[in-house]
Amino acid sequence: AITLQLKDIRKAYNIGLPAETEILHGIDLIIKRGEFVALIGPSGSGKSTLLNLIGLLDKPTSGELFITGQATTQLQDRELTMLRAKSIGFVFQFHNLLPEFTALENVMLPMLAARGRPDEAIGVRAAELIEQVGLTSVGKHMSNNLSGGQQQRVAIARALVMQPALVLADEPTGNLDTQSADTIFDLLRRVNQTSNTSFIIVTHDPRLAKRCDRIIELVDGRIDSDKPNVAES
Ligand code: ADP
Ligand code: ADP
């Protein structure tokens with residue numbers, strides 16, 4: 001099954017009339033269910049722009065983008081928000097946890113947003129996720145009292161709680177020391193292998209990219225190379 005398909009996706013920013021600058025020049029891409037993909041490329045090559053389009057946070061100038069087979073470019077904002085909440089999990093370097101809420105509460109939030117009111121199942125599901133990321137002992141701690149690595153694990157649990165088809169991770173280990181970065185990466189990999197969720201991980205760290213199944217390199221708004229990672233053993 002195909003998780004994500006991009007057909008001739010272009011993105012231009014308006015930088016004051018009449019000039020328009022095209023940043024992405026016709027991206028074609030298919031990500032299949034369960035793929036674990038690294039997205040690399042020099043600064044300014046368009047990685048964040050591409051990730052924002054895939055995450056339905058911004059709209060392409062032209063082209064079509066399918067999430068689990070559903071065409072997205074003609075959807076209204078409300079429909080996009082619903083599709084995003086259902087299908088896509090986000091993990092960012094700066095994880096935007098609510099500091100005055102507990103780890104468990106942070107994980108419950110997307111479910112509360114989706115269902116509108118608290119119920120017992122939400123608490124049970126959040127506890128399962130917190131256990132899966134190894135944080136049961138600190139589930140009731142305020143998120144701002146957790147270490148950087150622990151906070152990132154909460155963010156991962158939050159990203160997974162709606163069982164998304166696709167997780168987008170932008171420098172997920174960017175502000176962590178090597179050991180915490182490895183723990184986080186192992187966790188993403190394990191989730192990928194047990195749930196068959198597809199991952200796209202933007203990283204500047206060649207060591208992490210080499211542990212992905214496929215490496216896509218963006219240069220100047222085009223896919224410069226896209227290869228299975230033969231180094232992966
Ligand atoms: P990367 O994530 O690979 O560093 P970006 O997607 O952030 O690349 O940026 C690609 C190019 O798009 C850069 O030249 C950047 O200046 C430009 N850019 C990004 N966002 C905007 C915007 N909102 N308006 C105009 N130009 C932008
Ligand atoms: P909208 O503004 O379209 O209503 P929301 O702001 O409610 O969308 O966000 C919906 C989901 O998308 C949330 O789960 C949120 O985590 C994610 N999201 C939205 N914007 C961003 C962003 N800039 N960075 C990371 N995640 C985001």
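Each reported figure results from applying straightforward, stated rules to the coordinates on display, with no laboratory input. Quick caveat: nothing in here was measured; it's all calculated off a predicted structure. As a convention, Cβ positions derive from the backbone with ideal geometry for all residues, glycine included, and neighbour counts pool all protein chains shown.
Numbers below:
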item: Gyration tensor (alpha-carbon) shape descriptor, region 1-120, a/c threshold 1.5; result: prolate
item: Global form of region 6-74, assessed from the alpha-carbon gyration tensor, a/c cut-off 1.5; result: oblate
item: Förster radius 35 Å - calculated FRET efficiency between ARG33 and ALA114, Cβ distance, rounded to 0.05; result: 0.95
item: P(r) of region 133-182 over all Cα-Cα pairs, binned every 10 Å from zero, in whole percent; result: 23, 52, 25, 0
item: Candidate aspartates and glutamates for bridging to LYS32, where Cα separation is under 20 Å - those fewer than 8 sequence places away on the same chain excluded; result: ASP8, GLU64, ASP170, ASP213, GLU217, ASP224, ASP226, GLU232
item: Rg to Rh quotient for the chain, alpha carbon positions, Kirkwood Rh; result: 0.97
item: For the chain, calculated [θ]222 nm from helices alone, where every DSSP H run of n ≥ 4 adds -39500 (n - 2.57); result: -10500 deg cm²/dmol
item: Cα-based reach from LYS11 at 19 Å (exclusive), listing lysines while leaving out same-chain residues under 8 positions away; result: LYS47, LYS59
item: Relative contact order computed over region 1-104 (Cα-Cα under 8 Å; 6+ residues apart), in percent; result: 29
